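Take a look at the structure set out below.
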Amino acid sequence: MYYSLATTWNPDAILFGSETVLAAVRENPPLDVPPEHEEMFTPPEGAKDTRPLLVIADSRGRVRCWDAIRRWPYMRDVLAFCSSSTPKEYLSYLEATKIAAIVAGTDRIDMRKALEMLNVQYGVRTVRIDSGGTLNSVLLNAGVVDEVSVLIHPFLAGGRADPTMFDPIKAGFAELQIPLAHRKTEVVGNGLIWARYSVKGDKLV
């Protein structure tokens, strides 16, 4: 249900954190794609390719499965966000494997600058974030998030420490609070609630 709703934004790019990608690799090492997805997502021959770019934020140079990711039919191309602290060996690896990279920021990726460069160089205007709490918090702190979309499932889960969608402590912003304004709520099937919020301009720290 998440991905069927996510396509309604028609994003120009989808931004992943490196940890999200590495978790996917741990669960599915070859990053296999179901055969039916190949046909479903590959544009007809001769048609304009409207699939989004896949962007991975990887300042530490941990993602080494680009060849497998490149075969995913969901995206038209791949790109890395890095910083000046990214190991030179990793940047050379990206160049050798023909993975484009945007370098922005010193110790960590300057997300605002990286997204501005993504817009100028690739014409990207709408980005969907498909990541965990750390990158989400970094982007919220940078003030580059317009909307937060939450799916509330009709069951209770407990007993273990699950990853959260907002983890400012891990991101290095322990006191960060983000005020939201409710935009819309829908029941989208089987008791699933889709709540959408605009991010207000002033963060609380």
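Here, each number is a calculation from the coordinates, and none is a lab measurement. Predicted model, so just to flag it, every value in this text is computed and none were measured. Note: ideal-geometry Cβ built from the backbone for every residue, glycine included; neighbour counts use all protein chains shown.
Full extension of the chain between Thr50 and Asn190 gives 47.3 nm of extra length, using 0.36 nm per residue less the Cα-Cα distance. On the beta carbon distance between Ala68 and Ser4, with R0 = 25 Å, the FRET formula returns roughly 0.55. Within the range 132-205, the ratio Rg/Rh, alpha carbon atoms throughout and Rh by Kirkwood, equals 1.01. Beta-bridge orientation, the chain: approximately 45 percent antiparallel, per DSSP, counting only bridges with both partners inside.
For the range 9-131, the convex hull drawn through the C-alpha positions has a volume of 114 cubic angstrom per residue. Taking the helices alone, the chain has a mean residue ellipticity at 222 nm of -8000 deg cm²/dmol, built from -39,500 (n - 2.57) per DSSP H run of at least 4 residues and averaged over all its residues. Scanning the chain for DSSP H helices at least 24 Å long along the axis (C-alpha atoms) with a Kyte-Doolittle mean no lower than 0.5 picks out nothing.
Total lysine pairs in the chain at Cα distances under 25 Å, for residues eight or more apart or on different chains: 11.
Projecting the Cα atoms of Val103, Met1, Pro52 onto the charge dipole of the chain (Cβ charges, centred on the Cα centre) puts Val103 farthest toward the positive pole.
Between the range 134-205 and the range 72-130, the C-alpha centres lie 24 angstrom from each other. Taking springs between alpha-carbon atoms closer than 10 angstrom, which of Pro154, Pro11, Pro30 fluctuates most in the Gaussian network model of the chain? Checking each option, the largest mean-square fluctuation is seen for Pro154.
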